[in-house]
Each structure stands twice: as C-alpha cells, then as structure tokens.
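> Below are the structure tokens for one structure; questions will follow.
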Amino acid sequence: MPDIQELQKICSQVRRDIVRMVHKPQSGHPGGSLGCVEYFVALYFNIMKHNPKNFTIDGKGEDLFFLSNGHISPVFYSTLARSGYFPVKELDTFRMIDSRLQGHPTTHEGLEGVRVASGSLGQGLSVACGAALTKKMNGENTLVYSLHGDGEIQEGQIWEAAMFAAHHKIDNLISTIDYNGRQIDGDTEDVMSLGNVEAKWQAFGWHTMKMNGNNIEEVISGLNQAKAETGKGKPIMIIMTTEMGQGVDFMMGSHKWHGVAPNDEQLASALSQLEETLGDY
Amino acid sequence: MEKTLPKFVSTEKKDTRSGFGDGLYELGQKNKDVVALCADLTGSLKMDKFEKEFPDRFFQVGIAEANMIGVAAGMTIGGKIPFTGTFANFSTGRVYDQIRQSVAYSGKNVKICASHAGLTLGEDGATHQILEDIGLMKMLPGMTVINPCDYNQTKAATIAIAEHKGPVYLRFGRPKVPVFTDPNQKFEIGKALLLNEGTDVSIFATGHLVWEALKACEALAEEGISAEVINIHTIKPLDEEAVLASAKKTGCVVTAEEHQYNGGLGESVARVLSQHLPTPMEFVAVNDSFGESGTPEQLMEKYGLSSNAIIKSVKAVLQRK
C-alpha cells in the first residue's frame with residue numbers, strides 16, 4: 001500500500017489530469033474535482049477493498065463507491081484510471097465524441113469502475129442505500145461509500161434517503177458531503193443556505209463526523225474512524241470541508257471555477273503549480 | 001354449415017392488482033433474488049402476502065417514491081431483482097428523472113409495478129388517474145412496457161418479467177374486471193395474442209380495453225362485421241409483425257387503450273403502419289383531457305373507452321377502407 005508521500009504524489013498527478021482533461025474539450029468541472037482529490041486518492045489507494053483489474057457491476061465481496069455529484073467526473077475518472085480500472089491514456093477522450101468518459105459518469109458505455117449513472121443530482125444516496133442493503137442480504141461485511149456535493153443536499157430526494165437509511169439501520173454505509181460552501185450560482189449560504197448541516201444529519205438519525213478533506217492524512221484517519229463506526233446500527237455521514245479548486249491558486253477562493261475550463265495560458269499556470277509525478281497521459 | 005358467432009365468457013371478476021400480488025408471492029417462493037419495495041401502499045398493491053411471508057426481502061420506503069426507485073436501482077448491484085410498488089401516477093410522472101437516470105440509462109434490472117392506472121381508479125379523481133404513463137415509459141430507451149388485460153395475465157406477466165433482464169414497467173389496475181385468459185398461460189413478453197380471427201377490421205387493444213374489444217367483437221358479429229381482436233399486452237417492444245400481418249389482412253385498424261391518445265398504444269401502432277403499410281385507423285383513447293371522480297364504469301363510458309366506443313370507431317374506420 002502506498003505511504004503518505006506516495007499518496008501525495010498521486011494527488012498531484014490526479015490534479016494535473018483534472019486540469020488537462022477539462023482543458024482539451026474546453027468543458028467540464030475542475031473546481032469540485034480539485035477539492036476532492038485527497039478523498040478519492042485515500043479511498044481508492046488506501047481505504048477500500050476493491051478489485052480494479054476484474055471489474056464487475058455487482059462487485060461482490062468488494063467495497064463499493066458511488067459518486068452522486070457526477071459533475072466532478074474528472075477526479076473520479078483520473079482516480080479510476082490511475083488505480084488500474086482502465087488505461088490512463090483514455091483520460092484524453094474525456095467529453096469527446098465516442099468516448100466512454102462521458103461528461104457525467106455512466107454505465108452505458110461500459111466504463112470500468114462506474115456502477116450507476118449520476119449527474120442529475122440527489123439520486124446517489126438512494127442508490128448507495130440499495131447497494132448497501134443488498135450487501136447485507138448477501139451476507140457480506142463489505143462497505144458502501146458515497147460522495148455528495150453540499151449544494152446537492154438541497155435536493156429533496158437526499159432527505160428521503162436520509163430518513164430511509166436511518167430507519168433501516170443501514171450501518172454499512174459511509175457517506176460524505178463535500179462541504180466547500182459553493183455551488184454554480186455562488187456561495188451556498190447565498191443561493192440556498194444549508195443551515196447546520198451536521199445537526200440536520202444527526203437529527204435524521206445518522207452518526208456524523210467532520211474532517212478536513214484537503215489533508216491526505218486527515219482523510220485517511222477520518223475514513224478509518226468512520227469504518228470503526230460501521231456495524232453499530234447507524235449510517236455514517238462525514239462532513240468533509242474542502243476548498244473548491246484546491247491546488248491551483250487562481251481557482252481557489254470562489255465558486256467561479258465550478259464548471260469552467262482553463263484556457264491555454266491558465267492551463268500552463270495550473271500545471272506549473274502541480275508536479276508531474278507519475279507521468280502525464 | 002352454420003357460422004357460429006364469437007362468444008367470450010368470463011367465469012369471474014377479479015382485480016389485476018391481485019394478479020400482481022399473487023404473482024409476486026409465487027415469485028418470492030421460487031426466486032430468492034426477488035425483493036419488493038413499497039411506498040406506503042402495501043394493501044392497495046396486494047403486496048401484503050409477500051411482506052408477511054418474506055419480511056427480510058420486503059422494504060417499506062414510506063411516502064418517498066423517488067428514493068424507492070433509487071434504492072431499487074442500487075439493490076440490483078449485487079444481483080437482486082427489485083419489484084417496486086405504488087400507484088401508476090407515483091411510479092412514473094413523479095419519479096421520471098430517477099427512472100431515467102438511475103434505472104433506464106444505468107440499465108438496471110428494476111421492475112416498476114404500477115397499480116391504479118388510468119380512469120378505472122375511479123372516485124379519487126384526476127390527481128391519481130394517470131393517463132400519460134405508457135407514453136412516459138415507452139419513450140425511455142431500453143424500457144419494456146407491459147399492460148396485461150386480466151387477473152390471470154397480470155399474474156403470469158409478473159412472474160415472467162423476473163426472468164427478463166432489464167427495466168420493465170408493468171401497468172395494472174384497481175377494479176374487479178372479467179377474468180377470461182388461461183390461468184396456466186405462459187406469458188411471452190413482446191408477443192401479441194390473437195383472441196379472435198376476423199377479416200373486416202383489426203382491433204388492437206391493451207389492458208382493461210381488451211375485454212371491451214371482445215364485447216365489441218361479439219356485437220359487431222351480430223351485424224355481420226368480422227373483427228379481428230388482438231391483445232397487445234406488451235406495448236414496447238411492440239409485436240410489429242403481428243400488427244402488420246393483421247392490418248394487411250383486414251385493411252383497417254382500431255386501437256383501444258385506457259390512456260391519452262398522445263403517447264399511447266395507438267401512436268405506436270400508427271408509427272409502424274405509416275412506415276410500412278399505411279392503413280386507415282381510428283383511436284379509442286382519452287382525448288387530451290384529465291379524468292374526474294366517478295365510478296370506473298361511468299368514467300369509461302363518459303371518456304369514450306367502452307365497447308360502445310370501440311363499435312363506433314370500427315364503423316367509422318370501415319367507411320374509410
């Protein structure tokens with residue numbers, strides 16, 4: 001298993017992949033992708049028990065991950081490729097015609113690592129609940145992970161699923177909210193204030209935790225703590241604080257890079273801030 | 001030899017939703033991967049027998065249909081075959097995007113089972129009487145759409161769809177209607193059933209309208225009109241061969257369904273015919289309007305979905321041959 005230094009190197013490479021992926025088609029969502037790099041790298045290179053070389057939709061005997069806020073597909077795709085699900089060079093086809101790397105993740109083109117389509121927000125928690133229940137029915141002690149945007153919890157279906165998971169004691173589920181405080185139209189507090197997010201999940205019967213999502217060591221220890229809380233009758237929600245655009249100075253500090261691609265000059269500037277560690281695709 | 005007039009008999013009246021409930025129960029016994037989810041309408045969907053016998057495979061989701069569809073999609077990951085149950089209105093329009101993204105586009109093996117479809121829901125009125133669901137569901141790529149005609153066929157269809165890999169929309173209803181199909185039938189998805197051979201006109205009917213079509217056929221025979229009646233229980237994929245063969249033989253067509261004209265069986269039949277064999281057609285369906293409160297019989301008569309309406313359409317289409 002890679003050590004912290006190696007994980008940090010992977011993070012740097014994933015960030016390079018993200019900005020290059022959205023640059024080529026001049027389309028995609030770099031902001032949230034950059035903010036969630038440590039979470040993805042921790043999950044796929046340290047936390048999850050999974051089988052990248054022999055992908056099946058059913059994933060029996062494996063931990064499963066569901067990306068509910070599908071627009072951060074660049075970080076998902078880069079992590080999947082870098083952990084061995086499909087060739088890294090395929091990242092070059094992101095959002096292009098005939099690609100398996102659709103703008104938002106889908107099972108439709110048979111891309112290894114994706115188990116459900118997402119993009120239309122608010123649906124992934126329900127799907128994760130269903131998959132977690134099937135794990136239980138199948139007698140597995142594996143876990144299900146899901147990631148959600150903070151803006152995404154404005155969707156009503158999230159709270160239907162929140163109630164459902166607690167009622168059915170889905171305690172093999174570790175969900176995380178990317179709490180960056182920003183969404184397309186601005187800060188979440190201005191667009192539709194989320195209030196006390198942690199208190200809301202607690203009130204819905206979840207075990208809640210907080211962690212800093214932009215520190216790989218804290219993410220790993222946070223996810224390990226979450227794992228220790230599984231099997232205790234409650235679903236788990238991690239409120240993960242991140243910085244949108246993390247790692248690229250001009251993309252940080254606002255919502256403006258939620259869904260905008262860098263131009264040539266901006267790409268060069270971004271890449272100059274991110275070390276090429278594993279080789280660009 | 002004296003020509004015998006067609007006569008169709010029904011031994012009893014039963015609701016198609018009970019066909020679903022009994023089919024689901026039977027499936028529960030023979031297929032351990034079958035799981036069921038219900039949004040607070042277990043009694044209405046007749047899912048209580050399954051719930052009682054297989055509590056570990058039954059999931060109450062409360063009044064949260066969007067979540068139910070998503071959970072069902074997730075349950076397929078790992079090999080379960082989820083059957084969701086609620087009214088047709090809440091099974092389709094209310095959760096269209098969930099079905100589109102998490103089920104259809106994701107190719108998930110979810111069986112969306114919808115009761116109380118159409119006007120025959122009755123007294124609850126238009127808020128619950130969905131007449132657009134066939135259209136909504138048939139437009140989704142990869143979705144199979146089935147509307148069986150009686151208790152026996154609904155039970156057989158319920159059992160059959162578990163063997164089919166892929167999303168299915170199974171539509172049935174609330175009222176007790178005549179039972180007239182074989183209790184031991186094997187249900188074949190996508191295979192139209194010839195119920196009466198005829199030479200003058202083809203009547204393609206689905207769901208509750210199949211019995212009405214048979215009654216119309218009997219009355220027309222007494223007037224010397226020979227109607228071919230075909231039960232289109234599967235609207236998608238449509239049995240195009242059966243449609244074309246019958247239309248070629250009779251030269252005119254009437255479709256009958258408990259649904260809007262727009263998006264219904266009639267449009268599917270019209271597409272096939274207009275492309276391959278332009279044929280005069282009339283449509284028995286709801287004319288771009290909402291329903292209202294009333295008894296099922298009153299509503300079917302008022303909105304033109306009875307055997308009388310079929311007879312009228314047959315006579316109209318015969319004029320255009």
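Each value in this text was obtained by applying a stated rule to the coordinates, not by laboratory testing. Because the structure is a prediction, the values reported are computed rather than measured. Methodologically, a virtual Cβ is constructed for each residue, glycine included, from the backbone with ideal geometry; neighbour enumeration extends over all protein chains shown.
> Which helices pass in chain A if a helix is a full DSSP H run, must span at least 24 angstrom along its long axis by Cα, and must have mean Kyte-Doolittle hydropathy not below -1.0?
The qualifying helices are A:4-23.
> In vacuo Debye scattering of the stretch A:4-272, one point per C-alpha: log10 I(q)/I(0) at q = 0.08, 0.12, 0.14 Å⁻¹?
-0.28, -0.66, -0.92
> Along the Cα→Cβ direction, 7 angstrom out, place labels at A:Lys169 and A:Glu276. What is the inter-label distance in nm?
5.5
> Where in the stretch A:14-35 is the amide nitrogen less than 14 Å from a point lying 7 Å along the Cα-to-Cβ axis of A:Lys256?
Under 14 Å, as judged by backbone N against the label point of A:Lys256, lie A:31 of the stretch A:14-35.
> Test of understanding: ordering A:Leu267, A:Leu111 by Cβ neighbours within 10 Å, fewest first, what list do you get? Write out the running numbers ahead of the final one.
Numbers: A:Leu267 18, A:Leu111 21.
Ordered by Cβ neighbours within 10 Å, fewest first: A:Leu267, A:Leu111.
> Expressed in nm², what is the orientationally averaged projection area of the convex hull enclosing the Cα positions of chain B?
Taking the Cα atoms of chain B, their convex hull projects to 15.7 nm² on average.
> Using only alpha carbons, build the gyration tensor for the stretch A:12-134 and give me the equivalent ellipsoid semi-axes, biggest first, whole Å.
21, 15, 14
> Using only the Cα atoms of the stretch B:145-198, what semi-axes does the equivalent ellipsoid have when each is the square root of 5 times a gyration tensor eigenvalue? Give whole Å, largest first.
On the way: eigenvalues 69, 42, 23 Å².
After diagonalising the Cα gyration tensor, the semi-axes are 19, 15, 11 Å.
> Using Cα-Cα distances under 8 Å and only pairs 6 or more residues apart, what relative contact order does the stretch B:86-215 have, in percent?
Answer for the stretch B:86-215 is 28 percent.
> At q = 0.14 Å⁻¹, work out log10 I(q)/I(0) for the stretch B:9-132 with the Debye formula, treating every Cα as an identical point scatterer and leaving solvent out; two decimals please.
Results for the stretch B:9-132 at q = 0.14 Å⁻¹ read -0.59.
> Report, ordered by chain and residue number, the aspartates and glutamates lying within cross-link reach of B:Lys32, taken as a straight Cα distance under 15 Å and ignoring same-chain residues fewer than 8 apart.
Excluding near neighbours in sequence, the set is B:Glu51, B:Glu53, B:Asp56, B:Glu163.
> Note the angle between two axes, namely the Cα long axis of helix B:240-250 and the longest principal axis of the Cα atoms of chain B, as a number of degrees from 0 to 90, rounded to the nearest 10.
The angle comes out at about 20 degrees.
> What FRET efficiency do you get for B:Lys315 and B:His164 if R0 is 35 Å and r is their Cβ-Cβ distance, rounded to the nearest 0.05?
In this case the efficiency is close to 0.35.
> Counting only DSSP beta bridges with both residues in the protein assembly as shown, tell me the antiparallel percent, nearest 5.
15
> Go through the stretch B:251-262 residue by residue and turn each phi into a ³J(HN,Hα) via Karplus (6.51, -1.76, 1.60, θ = phi - 60°); whole Hz please, and just put x for glycine and proline.
Taking θ as phi minus 60°, the curve returns x, 7, 9, 10, 10, 9, 7, 9, 6, 4, 3, 5 Hz for the stretch B:251-262.
> Nearest 20 debye, what's the magnitude of the dipole of the protein assembly as shown about its Cα centre given +1 on Lys and Arg Cβ and -1 on Asp and Glu Cβ?
With Lys and Arg at +1 and Asp and Glu at -1, about 1220 debye.
> Another question, if that's okay. Could you tell me what percent of the DSSP beta bridges with both partners in chain A are antiparallel, to the nearest 5?
So the antiparallel bridges in chain A amount to around 10 percent.
> Further question on the same structure: How large is the translational diffusion coefficient of the protein assembly as shown in µm² per second when you combine the Kirkwood radius over alpha carbon pairs with Stokes-Einstein at 25 °C and 0.890 mPa s?
Diffusion coefficient, whole number: 95 µm²/s.
> Also, quick follow-up: Enumerate the lysines that A:Lys232 could reach by cross-link, defined here as Cα to Cα under 26 Å, with residues fewer than 8 away along the same chain left out.
A:Lys49, A:Lys60, A:Lys135, A:Lys136, A:Lys169, A:Lys200, A:Lys210, B:Lys80
> Size of the stretch B:193-319 along its principal axes in angstrom, Cα-based, largest extent first?
The principal-axis extents, from largest down, are 40, 33, 25 Å.
> Tell me the volume per residue, in Å³, of the convex hull enclosing the alpha carbons of the stretch A:91-132.
On the way: hull volume 3.1 nm³, N = 42.
Output value, Cα hull per residue: 74 Å³.
> Using only Cα atoms, find the angle between the long axis of helix B:209-222 and the longest principal axis of chain B, and express it within 0 to 90 degrees, rounded to the nearest 10.
20
> Count neighbours as other Cβ atoms within 10 Å of each site's Cβ, and list the GluC sites (Glu not before Pro) in the stretch B:205-240 that are DSSP loop with at most 15 such neighbours.
Hits after loop and neighbour filter: B:Glu223.
> May I pose another question? Cross-link partners among lysines for A:Lys24, C-alpha distance below 21 Å, same-chain residues fewer than 8 apart left out?
Reachable lysines: A:Lys89, A:Lys256.
> Going toward the positive end of the dipole of the stretch B:13-179, with +1 on Lys and Arg Cβ and -1 on Asp and Glu Cβ, which of B:Cys38, B:Ile99, B:Ile77 do you reach last?
B:Ile77
> Do you know the relative contact order of chain B, to the nearest whole percent, from alpha carbon pairs under 8 angstrom that are 6+ apart?
Over chain B, the number comes to 18 percent.
> Does a label point 7 Å from the Cα of B:Lys191, set along Cα-to-beta-carbon, have any residues of the stretch B:244-278 with amide nitrogen under 19 Å, and which are they?
What the label zone holds, given the 19 Å backbone N cut-off, is B:244-246.
> Right, next: Taking loop as defined by DSSP and a crowding limit of 11 other beta carbons within 10 Å, which trypsin sites (Lys or Arg not before Pro) in the stretch A:46-149 fit?
A:Lys49
> Can you give the log10 of the normalised intensity I(q)/I(0) at q = 0.11, 0.13, 0.18, 0.22 Å⁻¹, computed with Debye over equal Cα scatterers of the stretch A:5-69?
For the requested q values the scattering log ratios are -0.32, -0.45, -0.80, -1.02.
> Pairs of alpha-carbon atoms within less than 8 angstrom and 6+ residues apart define the contacts here; what relative contact order does the stretch B:60-153 have, in percent?
On the way: 118 pairs, mean separation 24.7, N = 94.
Computed value for the stretch B:60-153: 26 percent relative contact order.
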